[in-house]
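Written below as structure tokens is the structure these notes are about.
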Number of protein chains: 2
Amino acid sequence: MTTDTPTRSRRSRRSSSRPERSAQPGQNLHLRTPFITRGIPTYDLLDEGSLERIEATADRILAEIGIEVRDDAEAVRLYREAGAKVTEVTADSWNVKFEPGMVREILQTAPARFTQCARNPVNNVEIGTDAMVFAPAYGSPFVMDLDKGRRYGTIEDFENLVKLAQSSPWLHHSGGTICEPTDIAVNKRHLDMVYAHIKYSDRAFLGSITAPERAADSIEMCRILFGEDFVDNNCVIMGNFNTTSPLILDGVTTAGIRTYAEAGQGSIHLPFLLGGAVSPLTMAGAVAQCLAESMSSAALAQLVRPGAPTILAGFLSSMSLRTGSPTFGTPEPALGSLVMGQLARRLEMPLRCAGNFSTSKRPDGQAMQQAMMSMMSAVQGGANYILHAAGFADGLLSMSYEKFIMDTDMCGALHAYLKGIEVNEDTLGFEALAQNGPGEHMFGTDHTLRHYQTAYWDSGFNDDLPFETWEEQGSIDAATRANQRWKDTLAAFEAPALDKGTDEALKDYIARKKASAADAWY
Amino acid sequence: MTTDTPTRSRRSRRSSSRPERSAQPGQNLHLRTPFITRGIPTYDLLDEGSLERIEATADRILAEIGIEVRDDAEAVRLYREAGAKVTEVTADSWNVKFEPGMVREILQTAPARFTQCARNPVNNVEIGTDAMVFAPAYGSPFVMDLDKGRRYGTIEDFENLVKLAQSSPWLHHSGGTICEPTDIAVNKRHLDMVYAHIKYSDRAFLGSITAPERAADSIEMCRILFGEDFVDNNCVIMGNFNTTSPLILDGVTTAGIRTYAEAGQGSIHLPFLLGGAVSPLTMAGAVAQCLAESMSSAALAQLVRPGAPTILAGFLSSMSLRTGSPTFGTPEPALGSLVMGQLARRLEMPLRCAGNFSTSKRPDGQAMQQAMMSMMSAVQGGANYILHAAGFADGLLSMSYEKFIMDTDMCGALHAYLKGIEVNEDTLGFEALAQNGPGEHMFGTDHTLRHYQTAYWDSGFNDDLPFETWEEQGSIDAATRANQRWKDTLAAFEAPALDKGTDEALKDYIARKKASAADAWY
């Protein structure tokens, strides 16, 4: 049985004032937290001069090349009124240029840190400065597991994955399009996705961004859940918006950004930069472009509603220059993510960056090596909202059930990592050595007895058994173990309680919406 | 076929002035180097005040508790003459205490950086400051592969693993006891081990430390290989010496240290600290103890021969506090390794630290997740000699053939990581964006064409194919791929040329030594 079920999670919360470990692995009660407060310094890769050159290049991109806004005259109007120089390219596309420094000026109203509320208030997360939030992977059309291989995602998969996320104490947020539920019509699936996040999770989540009316539905469902007043005064949902790189903001995106910002809800502004294809393949240039695109997109949210929660973002990837295939979990984007961290801090804005990236099609050694390379850059770079923290496989085309389990355990280890090293008389432990002196083991020293409950990360997934015990138990590898774990977790899952009236109202809203339009599959 | 054969490696060196990639994956000619010069800053975890407290605790351990030296009156004499306070504990063990600062003073003669010569001078490595060297795992009694599972290592395994190391361009050093060749008598196996390093590799290597006469044999074989004068004036071999934690230096170790130092050869001074068992389980205390033990051991080498190449070291590990099993690749020791990097730099001494640690018994996701957690701390912490960079499995009890392949590819990725991000007009790539403007792909821009040969790490092992292609090719996971790779690499292996007379002299020396004593199996 998994030790990471929500039941256990609730129990631990009650007893968190005096954590006690049983013999069961993987509890780590002292590390459980609704979001992480980073206790280690960020890993600052570049010096001041280099950062200034990147910022100057971002400013130059925005001033001399500009961004192109398509199909949204209202967004263009907002940019123009703020002082941007707008040139018509075609009847429904505009080139928008910003004087150096202008976008930065607009972004001054963006909060450095904000709270996204969850339906269970103990799960409210803070995003920004030293607060960090892990959320599952987002957006894959396929799912895969060891039993059935790769296939298109369905709403059942979607619900399963929300349940797995909710069951892990090492994620803090339910994410958004945890996989595409391709068995539901494109124009209606957002309703089922938002409902699944509300029903099977009591954490914060992301809403739809694929059309302005779907964004509006997502927010409307939150009004049913939280109440209108509460939604007007709190961030309860966020949208994850992609720029169309290089340097384009399409009208669906900008209208969605406006919808979330008008409602005072959060927005993430993400350039997905595949180097060599849609950005320079030198990382300095990719980061400069990332900053330019993310800042100009985020600025729109601030123009709509100054002070709206707004997250800068970077998704840097590389490619195989022999084949043109995207590559993930490679070293150069990891370095770039560290730099994005530095740049976001200089802007005093929250950052979404990196995640457990991989191109592997299996929950294997490659998957975890690449995931770790990428994920370390997110946590060391001080990213605040880390989407793609669990399940990312197959170059984001598939959500892997097994890798989801492996990634969440790694996220747990990162809780311990991010606590850092405390240095004080007690932790320096001179007495532990002095008590028995040279050559004597420390198992029974006062110091050991005082600390053994909380000293080390105790993985609930990794195998640390002696070889012989491991062999007796069937010589099970990590992927097979993960396969069993997700099944056990789903079997033990109990949805967090949801007010019956609210549930009915949500179902009613969904039914009405679904009845009001024919299915569309595009 | 592997692209990482020594043949290819030699070819690439000739053409390194103008690297060109073929369509074959995994060449990365621009990254090949006899050792790495770190191009990124170190990740400095603790502030000045915390570091000073750790140093003060290390000094206090040495001054108030002291170390115990056993069975080596000569070592004790050297410490006493240098000013240490010696107390007899028993007839053949002594407590040795050092006034605060005294050990640091002795270590001032240790070089901050030195060269270890290889029999092929293009493979000479530098160790210290920003120079970093990767070497295979060291000391496991077992080996494992997917075909035959886990079994005791033999000299054939030893030779195979030396060949695999030599075949990877991403290791720089042949290591030492790459596995225990348990089919050779304990008192003779060092001869075969040193010979295998000389015969099947043309890189630098480690010699025996298990008895003073075996250490002497290792050095003597180097005199045959390099010539006596050369050995007197250059570091050609190193010994990896473990303290007996907590706070003991046994006589075999100290005599070995003296043997290497007298010959002007290198020594590594390693406390293997299993927290809660032989060190405090709070990381601040473990690091303080590590510093105290490593410094006092290293000081002996400097007392024997001031200026002898001497490497501080740390092997920090955690344990499962439920079962008492050691755990590897966990977050707390990774943090401790970063701090050891800071402490070694303050002493201006080279550091050996961390490696690709794992407790997994399979070359699976757990193995690589743990490996990466540990290895990132070595490279980000600025360790200079990274033993255990390939093959470490099963909590160091086994050398895994498949993980060896996976780890070396990761070591390649770390070559790209350690280069860092260059920021200049060219890499900022403004022209790449300006050339075609918003919405236009960059495949054909001048900037892309100028950089595509060297832009990204191109893994020679990881699978980045589209899913369908991967499936057509048999849906092969990383472990299976690694299994095929090591077999192909061994099949294609050609030993680097060795002078026939030297080879004969080495064989003759070994034959005489073996004939001079009966086999001993302890």
_In sequence order, calculated HN-Hα J values of the stretch A:451-464 (Karplus, 6.51, -1.76, 1.60; Hz; x Gly/Pro)_ = 10, 5, 6, 10, 5, 10, 4, 10, 4, x, 10, 5, 8, 10
*With everything on Cα atoms, drop me the angle between helix A:401-419 and the longest principal axis of chain A, reported from 0 to 90° to the nearest 10.*
80
*Measuring from centroid to centroid over Cα atoms, what is the spacing of the stretch B:419-474 and the stretch A:341-409 in Å?*
20
*Provide the three semi-axes, in whole Å and in decreasing order, of the ellipsoid equivalent to the stretch A:72-132 as defined by the square roots of 5 times the Cα gyration tensor eigenvalues.*
35, 16, 8
*Label-point separation (nm) for A:Leu498 and B:Asp71, each offset 7 Å from Cα along Cα-to-Cβ?*
6.9
*Measure nothing fancy, just the Cα-based angle from helix A:189-200's long axis to the longest principal axis of chain A, in degrees from 0 to 90, nearest 10.*
30
*Between the stretch A:143-183 and the stretch B:259-308, what is the C-alpha centre distance in whole Å?*
49
*What nm distance separates the two modelled labels at B:Ala112 and A:Ala517, each placed 7 Å from Cα along Cα→Cβ?*
6.6
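Would you work out the charge dipole size for the stretch B:38-140 about its Cα centre, treating the Cβ of every Lys and Arg as +1 and the Cβ of every Asp and Glu as -1, and quote it to the nearest 20 debye? Don't jump to the answer; show the numbers that get you there.
Details: 11 positive and 18 negative charges, 68 e Å.
Magnitude of the dipole: close to 320 debye.
What's the average, rounded to a whole number, of partner chain beta-carbon atoms within 10 Å of each residue's beta-carbon in B:237-248?
Values: counts 0, 0, 0, 0, 0, 0, 0, 2, 5, 9, 5, 4.
Going residue by residue through B:237-248 and averaging, the value is 2.
How big is the charge dipole of the stretch A:246-364 about its Cα centre, in debye rounded to the nearest 20, if each Lys and Arg gets +1 on its Cβ and each Asp and Glu gets -1 on its Cβ?
140
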*Can you check what the net charge comes to around A:Ser174, using other residues whose Cβ is under 13 Å from the Cβ of A:Ser174 (Lys, Arg +1; Asp, Glu -1)?*
+2
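Just how large is the dipole of the protein assembly as shown about the Cα centre, in debye to the nearest 20, putting +1 at every Lys and Arg Cβ and -1 at every Asp and Glu Cβ? List each step's numbers first, then the result.
Working: 96 positive and 130 negative charges, 93 e Å.
Approximately 440 debye in magnitude.
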*Relative contact order (%) - chain B, alpha-carbon pairs under 8 angstrom, separation at least six*: 19
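Restricting to the protein assembly as shown, compute how many DSSP beta bridges are antiparallel as a %, nearest 5. Kindly include the intermediate steps, with their values, before the conclusion.
Working: 50 of 103 bridges.
Just about 50 percent of them are antiparallel.
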*Once the other residues with Cβ under 14 Å from the Cβ of B:Ser325 are scored (Lys, Arg +1; Asp, Glu -1), what is the net sum?*
-3
*Using amide H atoms built 1.01 Å from N in the peptide plane, name the residues 5+ places from B:Tyr138, or on other chains, whose amide H lies under 5 Å from its own.*
B:His388
*Angle in degrees between helix A:155-167 and the longest Cα principal axis of chain A, rounded to the nearest 10*: 50
*For the pair B:Gln473 and B:Glu431, what calculated FRET efficiency results from E = 1/(1 + (r/R0)^6), where r is the Cβ-Cβ distance and R0 = 35 Å, to the nearest 0.05?*
0.35
*Go through B:41-48, B:339-346, A:512-519 and give me the packing order, highest mean Cβ count within 10 Å leading.*
B:339-346, B:41-48, A:512-519
*Just order A:286-293, B:270-277, A:304-311 by mean Cβ neighbour count inside 10 Å, highest at the front, would you?*
A:286-293, B:270-277, A:304-311
*So what is Rg over Rh here for the stretch B:112-252, counting just Cα atoms and using Kirkwood for Rh?*
0.97
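Local charge sum around A:Pro246 (other residues, Cβ-Cβ under 11 Å, Lys/Arg +1, Asp/Glu -1)? Walk me through the numbers before you get to the answer.
Values: positive: none; negative: A:Glu68, A:Glu293, B:Glu440.
That works out to -3.
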*Placing a label point 7 Å from Cα toward Cβ, how far apart in nm is A:Ala56 from its equivalents in the other copies, listed shortest first to one decimal?*
4.4
*Once amide H atoms are built 1.01 Å from N in the peptide plane, which residues 5 or more positions from A:Thr327, or in another chain, come under 5 Å H to H?*
A:Ser318, A:Met319, A:Ser320
*If the cut-off is a Cα-Cα distance under 12 Å, which aspartates and glutamates reach A:Lys163, setting aside same-chain residues fewer than 8 apart in sequence?*
A:Asp4, A:Asp202, A:Asp488, A:Glu494
*Within straight cross-link reach of A:Lys85, meaning Cα distance under 22 Å, which lysines are found once same-chain residues fewer than 8 apart are removed?*
A:Lys97
*Taking +1 at the Cβ of each Lys and Arg and -1 at the Cβ of each Asp and Glu, which of A:Phe430, A:Ala455, A:Leu498 sits farthest along the dipole of chain A towards its positive end, judged by Cα position relative to the Cα centre?*
A:Leu498
*Under the Karplus relation 6.51 cos²θ - 1.76 cosθ + 1.60, θ = phi - 60°, what is the ordered set of whole-Hz ³J(HN,Hα) values for the stretch B:364-371, x standing for Gly and Pro?*
10, x, 4, 4, 7, 5, 5, 4
*Would you please give the residues with an amide H less than 5 Å from that of B:Leu270, counting only those at least 5 places away or on a separate chain, with H modeled from the backbone geometry?*
B:Phe241, B:Asn242, B:Thr243
*Provide a whole-number value for the mean count of partner chain Cβ atoms within 10 Å of the Cβ atoms in peptide A:316-329.*
5
*Can you list the HN-Hα couplings for the stretch B:331-347, worked out from phi with the Karplus curve (6.51, -1.76, 1.60; θ = phi - 60°), rounded to whole Hz and with x for Gly and Pro?*
x, 5, x, 4, 5, x, 5, 4, 5, 4, x, 4, 5, 5, 5, 5, 8
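FYI, it's all coordinate maths here, none of it is from the lab. Predicted model only: the values in this text are computed from it and were never measured. Methodologically, a virtual Cβ is constructed for each residue, glycine included, from the backbone with ideal geometry; neighbour enumeration extends over all protein chains shown.
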